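Have a look at the structure below, then the notes.
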Amino acid sequence: MTPPTGYFSIRFLQQAVNVGAVDIYLVPSTRHALRLQAALQQCGPRVGGGLCERNAGQYTIVVTPTGVITTPYSSSSLTFVAGQVRTALIMDAQLTTNPPVTVVIGDDLN
């Protein structure tokens, strides 16, 4: 499904069983995660979230265990262009517990 004009879409697949439920933020380059509403809240393991549509631009993906204010996972700044569709797979980190998750982003539609 193509996003509306000027927007990109991203879907999150939460597969981090050891971490439990997470809150997921899409933080624009001009904002701070603690001042934003989570894009998805209490996203439990083995749950796929719906598509989040946002204005094209630069974002950081922040994943925190539900109810925790610290940011155990924060991506580098990512640029999303209008019309893109992405899938972000959230998995348990294999060699560390800090951060406890890792995120891989797949290109669905450019």
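Counting only protein heavy atoms and a 1.4 Å probe, the chain has 55 square angstrom of accessible area per residue. Please find the FRET efficiency linking R31 to V68, where r is the Cβ-Cβ separation and R0 is fixed at 30 Å, and quote it to the nearest 0.05. The pair R31/V68 has a calculated efficiency of 0.95. Placing +1 on the Cβ of each Lys and Arg and -1 on the Cβ of each Asp and Glu in the chain, which of I90, C43, L109 has its Cα farthest towards the positive end of the resulting dipole? With unit charges placed on the Cβ atoms, the residue in question is C43. Roughly how far apart, in whole Å, are the Cα centres of the range 1-55 and the range 61-82? Result: 9 Å between the Cα centres.
Given R0 = 30 Å, the distance between the Cβ atoms of N98 and T2 translates into a calculated FRET efficiency of 0.20. The amide H of G44, built 1.01 Å from its N in the peptide plane, has V22 as neighbours under 5 Å, considering only residues 5 or more places off or on other chains. Placing +1 on each Lys and Arg Cβ and -1 on each Asp and Glu Cβ, with no other charges, gives the chain a dipole about its Cα centre of roughly 180 debye. The accessible-area ordering, largest first, of the residues T102, T5, T79 stands as T5, T79, T102, per a 1.4 angstrom probe.
Rg of the Cα atoms in the range 1-77, relative to 2.2 N^0.38 Å, amounts to 1.09. The label-point distance for R54 and V81, in a model that sets each label 7 Å from Cα toward Cβ, rounds to 1.8 nm.
The values are calculated or read from the model by the stated rules, or taken from the named source; none is laboratory data. This is a predicted model, so every value here is computed, not measured. For neighbour counting, all protein chains shown are included, and Cβ atoms are generated from backbone atoms with ideal geometry for every residue, glycine included. For the accessible areas, the whole protein counts, side chains as well, though only heavy atoms, and no ligand, DNA or RNA atoms are used. Shrake-Rupley method; radii C 1.70, N 1.55, O 1.52, S 1.80 Å.
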